[in-house]
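Reading through the structure tokens given below for one structure.
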Amino acid sequence: MKRVAEDELIQVRTTVNGRSYTFSTEARVNLADALRYELGLLGTKVGCEHGVCGACTILVDGKSARACLMLGVQAEGRDISTIEGWATGKELNPLQESFRRHHALQCGFCTSGFLATATELLRENPTPTREEVRERISGNLCRCTGYETIVDAICDPEVAAFARGEQSA
Amino acid sequence: MKFPAFAYARPATVEEAVTLLASDDEARPLAGGQTLLPILALRMSMPSCLVDLNDLEELKSITVGDGVVRVGAMVTHAQNLASAEHRTHLPLLSAAVRHVAHEAIRTRGTIGGSLAHADAAAEMPLVVTALEATMVIVNQQGERRVAASDFFGGHFTTAIEAGELLTAIEFPISDHRWAFEEVARRPGDFALVMAAAGLKLNNGACESARITLGSVADRPLRATEAETFLVGKSVTAGVAAEAAQIATQDLKSHGDIHASAEYRRTVAGTMVKRALTRAAMEQSA
């Protein structure tokens, strides 16, 4: 792509939660804002806006990434997965349901980021130890729960069964 | 906290990227963006144009040959962490990259980006210094090579000139056994102090030693006096402690809100002692 001036719009084609989208944006707009304001997907939260808090964590081509540390134009050709894609209708997936059951959220602002981080971890290893979970979620901040219940939710046996099923699927 | 406005280009070749950078002194290369984009969000830098390197497939591979591991500048920390080649040939890189930030940052953050940024508290500058790697830098005239010992010029300063691009890092495969130690407040934080030790032993006696300290000065430091001290000795716990003392006795570190200078100097000694002890055990394994 040739040099595009700062106030010029760039057309982006991308896939989010299995659906194709085309939108136009300035280069300076980060991917979290592009998801929220160009595509109306408000489940990805914007916290610190410089990569520290982890609230905007999403999955890009199956790997976790900070949506605030990618440009919207870098979504071109990517396969993106956000919280809007993880429940089936009104039925939460087992990881989300486990977060609810274990009180792993209060205000809920950090939750979509934690779910993205945990989803990636569970795909690699359906039965992580508490220590492995703690290390992996160290890039996500929660100011409500004190983290114990989040670790409980991720280590729940029903979640492990779900993750093993996903792995073999 | 939104990025300032910038022009944007996504070149398809290194040549195009270098032409774009050479045509505008205020343009900056965008690698993984895990450091540059926060800097933009904080308005600490306002480049006129970002030259996005993410389409440059030629910079994304790890190749091994002729006693050298060549790592493209756009290889991500996640790629380095997963690399079986590194576990065999560059165990120090494998050990250190685990400490780089968090999974979601390692997914996009690159070795070239980390080196070009040259944060003295980051792991990759220490690793290239310890392993005596060579930086491959491309400009419009061609390619030039800079030794790690000449690459870092202080905080956030490197030998990369305007209009140039770091394209690869060449690591000579070392016959030393390596160990890495780091203290940070939380997993993924920048190091308060870190050390790498490499030992080549012959019948239990040290033939050659390399000790590198990180996050204690404006660039990674080799402890050459302590390295010389170790030659010919058996690296017992006592000898390792003595080497650590020599490595840190003249260290003028800095204090900040995270740790005082005295704390850094003391912990640096402990890191060197532990790294040497572990490297010596690696050898006998």
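The values are calculated or read from the model by the stated rules, or taken from the named source; none is laboratory data. Since the model is a prediction, treat every value here as computed from it, not as a measurement. When we count neighbours, we look across all protein chains shown, and the Cβ atoms used for this are built from the backbone with ideal geometry, even at glycine. With ligands, DNA and RNA removed, areas are computed over all heavy atoms of the protein, side chains included. Shrake-Rupley method; radii C 1.70, N 1.55, O 1.52, S 1.80 Å.
Kindly indicate the residue of region B:237-262 that is open to solvent by 40 Å² or more (accessible area, probe 1.4 Å) and touching a residue at least 40 places away in the same chain (Cβ under 8 Å) and also farthest from the chain's Cα centre (by Cα) among those meeting that condition.
It comes out as B:A237.
Would you be able to tell me the number of residues in region B:209-232 that are surrounded by fewer than 16 Cβ atoms within 10 Å (Cβ to Cβ) and not in a helix (DSSP H, G or I)? Explain how you work it out, then say what you get.
Filtering region B:209-232 for residues surrounded by fewer than 16 Cβ atoms within 10 Å (Cβ to Cβ) gives B:218, B:224-225, B:228, B:231-232.
Going one step further and asking which of them are not in a helix (DSSP H, G or I), we end up with B:218, B:231-232.
Adding up the residues that qualify gives 3.
Does B:L59 fit the bill of being more than 16 Å from the chain's Cα centre (by Cα) and within 12 Å of chain A (Cβ to nearest Cβ)? Please lay out each step first, then the result.
Working: more than 16 Å from the chain's Cα centre (by Cα): yes; within 12 Å of chain A (Cβ to nearest Cβ): no.
No.
For region A:1-53, enumerate the residues that are within 14 Å of another protein chain (Cβ to nearest Cβ), out of contact with any helix residue (DSSP H, G or I) (no Cβ under 6 Å at 6 or more places or on another chain) and of a type outside the set (D, E, K, R).
Once the filter is applied, which keeps residues that are within 14 Å of another protein chain (Cβ to nearest Cβ), out of contact with any helix residue (DSSP H, G or I) (no Cβ under 6 Å at 6 or more places or on another chain) and of a type outside the set (D, E, K, R), region A:1-53 yields A:M1, A:V4, A:A5, A:L9, A:Q11, A:S24, A:Y37, A:G47, A:C48, A:V52, A:C53.
Only one of B:L59, B:L50, B:L42 is closer than 30 Å to A:E124 by Cα and not charged (D, E, K, R); which?
Values: B:L50 fails: closer than 30 Å to A:E124 by Cα; B:L42 fails: closer than 30 Å to A:E124 by Cα.
Testing whether each residue is closer than 30 Å to A:E124 by Cα and not charged (D, E, K, R) leaves just B:L59.
Mind counting the residues in region B:149-167 that are surrounded by fewer than 20 Cβ atoms within 10 Å (Cβ to Cβ) and among the hydroxyl-bearing types (S, T, Y)?
Residues meeting the conditions: 2.
Condition (residue is in the same structural domain as B:C206 (by TED's automatic domain parsing), surrounded by fewer than 23 Cβ atoms within 10 Å (Cβ to Cβ) and not in a helix (DSSP H, G or I)) applied to region B:265-280: is it met by at least one residue?
No - not one qualifying residue is present in region B:265-280.
If we keep just the residues of region B:179-193 that are assigned to a strand (DSSP E or B) and open to solvent by 20 Å² or more (accessible area, probe 1.4 Å), which is farthest from B:H89 (Cα to Cα)?
Let us first name the residues in region B:179-193 that are assigned to a strand (DSSP E or B), namely B:179-183, B:193.
Now narrow it down to the ones that are open to solvent by 20 Å² or more (accessible area, probe 1.4 Å): B:181-183.
Values: B:E181: 19, B:E182: 21, B:V183: 25 Å.
Here the answer is B:V183.
Just give me the residues in region B:170-193 being touching a helix residue (DSSP H, G or I) at 6+ places or on another chain (Cβ under 6 Å) and modelled with pLDDT of 95 or more, in sequence order. Reasoning before the result, please.
Quick first cut of region B:170-193, residues touching a helix residue (DSSP H, G or I) at 6+ places or on another chain (Cβ under 6 Å) only: B:173, B:177-181, B:183, B:186-188, B:193.
Answer for region B:170-193, where residues must be touching a helix residue (DSSP H, G or I) at 6+ places or on another chain (Cβ under 6 Å) and modelled with pLDDT of 95 or more: B:I173, B:R177, B:W178, B:A179, B:F180, B:E181, B:V183, B:V193.
Return the total of residues in region A:117-131 being within 11 Å of chain B (Cβ to nearest Cβ) and within 17 Å of B:A78 (Cβ to Cβ).
The number of residues fulfilling the criteria is 4.
Quick grid of which residues meet (1) under 30 Å from A:R134 (Cβ atoms); (2) in contact with a Ser or Thr (Cβ under 7 Å, 6 or more places away or on another chain); (3) without any contact (Cβ under 8 Å) to a residue 40 or more places away in the chain:
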site	(1), (2), (3)
B:T13	no, no, no
B:E16	no, no, yes
B:D24	no, yes, yes
B:P38	yes, no, yes
B:V68	no, no, no
B:A73	no, yes, no
B:A78	yes, yes, yes
B:A104	yes, yes, yes
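Exactly one condition in (1) within 11 Å of another protein chain (Cβ to nearest Cβ); (2) more than 20 Å from the chain's Cα centre (by Cα) is false for B:T13; which is it?
Answer for B:T13: the failing condition is (1).
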